[in-house]
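The values are calculated or read from the model by the stated rules, or taken from the named source; none is laboratory data. Nothing here was measured: the structure is a model prediction, and the numbers come from that model. Note that we place each Cβ from the backbone using ideal geometry, even for glycine, and neighbour counts take in every protein chain shown. Accessible surface is based on the protein model in full, side chains and every heavy atom, while ligands, DNA and RNA are left aside. Shrake-Rupley method; radii C 1.70, N 1.55, O 1.52, S 1.80 Å.
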Amino acid sequence: SSGGCALVIATLSGEAMSMEFPVMAVSSANAAIEQVRGRHPGVAVRKAGAIFHAAHAQETARRDMELISLGSILGIATVMLALFRSTGMLTLCLSSIAGVLFIGTATTLAFFGEIHLLVLVFGASLMGEAADYSIQLTVARIGAGTDQDWLARIMPGLRLALLTSLAGYAAMCL
C-alpha cells in the first residue's frame, strides 16, 4: 500500500485536569489506534494535544507522589526507631499519619466528590507535619517526668507551629 496520512481532530468533553478523564481519553485513543494498526499494519501514528500531555503529567506526578510518600514513611520509621528504639513510638507516629490521611481523604471526598492530583501532592507534604507533632508530644511527655502540667507548657509552641504551617499552606493556595 502506498503511504498516506490522515488527520483526526477530536473535541473532548471533560476536564483535562481531572484525575480520571485524561487517562481514560488517552486509553480510548490508544485502543482506537491499535484497531487501525490491526487493519493497516505498518501505519505510523503521531499524537499531539493537551490531553496526552495531561495524562503523562498525571502519571508522572502520581508516580513521584507515591515515591515521595514511601520515602517519607520509610525515613520517618528509620529515624523513629534509631532515636527512640521503641516500636510503640513508631506505632504512635504511624497511627497519627494514618489518621491524618484518613481524615484528609474523607474530608476531600465529602467536599469535592473526588481527589485531584494536587490534593495528593499537597497531602504528601502533610505526613511530615503529622509525624512532627507526634514526636513533639511524646518527647515533651517523656521529659516531663511527674510534672502534670506538661501539656499546658508545650501548647503555646504547638499552637504557633500549627499557625505557621496553616499560614504557609494558605499562602500556597493564593
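Brief remarks on what is shown
- Carbon plus sulfur fraction of accessible area for the stretch 1-120, probe 1.4 Å, in percent: 67
- Computed from Cα atoms, the angle from the helix 87-112 axis to the main principal axis of the chain rounds to 50 degrees.
- Taking the longest Cα principal axis of the chain as reference, the axis of helix 117-144 is set at about 10 degrees.
- Scattering from the chain was approximated by placing one identical point on each alpha carbon and applying the Debye formula without solvent; log10 I(q)/I(0) at 0.10, 0.12, 0.18, 0.20 1/Å stands at -0.60, -0.75, -1.22, -1.37.
- For the stretch 134-174, the share of accessible area belonging to carbon and sulfur comes to 70 percent (1.4 Å probe, ligands and nucleic acids excluded).
- Seen from Cys93, the other residues with C-beta closer than 15 Å to its C-beta sum to a net charge of 0, counting Lys and Arg as +1 and Asp and Glu as -1.
- Figure legend: label point modelled 7 angstrom from the Cα of Val119 along Cα→Cβ; residues of the stretch 71-109 with amide N under 16 Å from it are 100-109.
- Top of Ala131, Ala140, Ala55 by mean-square fluctuation, Gaussian network on the chain, Cα under 10 Å: Ala140
- Dipole magnitude for the chain: about 360 debye, using +1 per Lys or Arg Cβ and -1 per Asp or Glu Cβ, origin at the Cα centre.
- Protein-only accessible surface at a 1.4 angstrom probe places the residues Ser165, Ser13 in the order Ser13, Ser165, largest first.
- Rounded tilt (10° steps) of 21-39 against the dominant C-alpha axis of the chain: 30
- A 1.4 Å probe run over the protein chains yields, for the stretch 13-166, 66 Å² of accessible area per residue, whole-number rounding.
- Packing-based ranking, highest mean first, of 37-44, 151-158 given that Cβ atoms within 10 Å are counted: 151-158, 37-44
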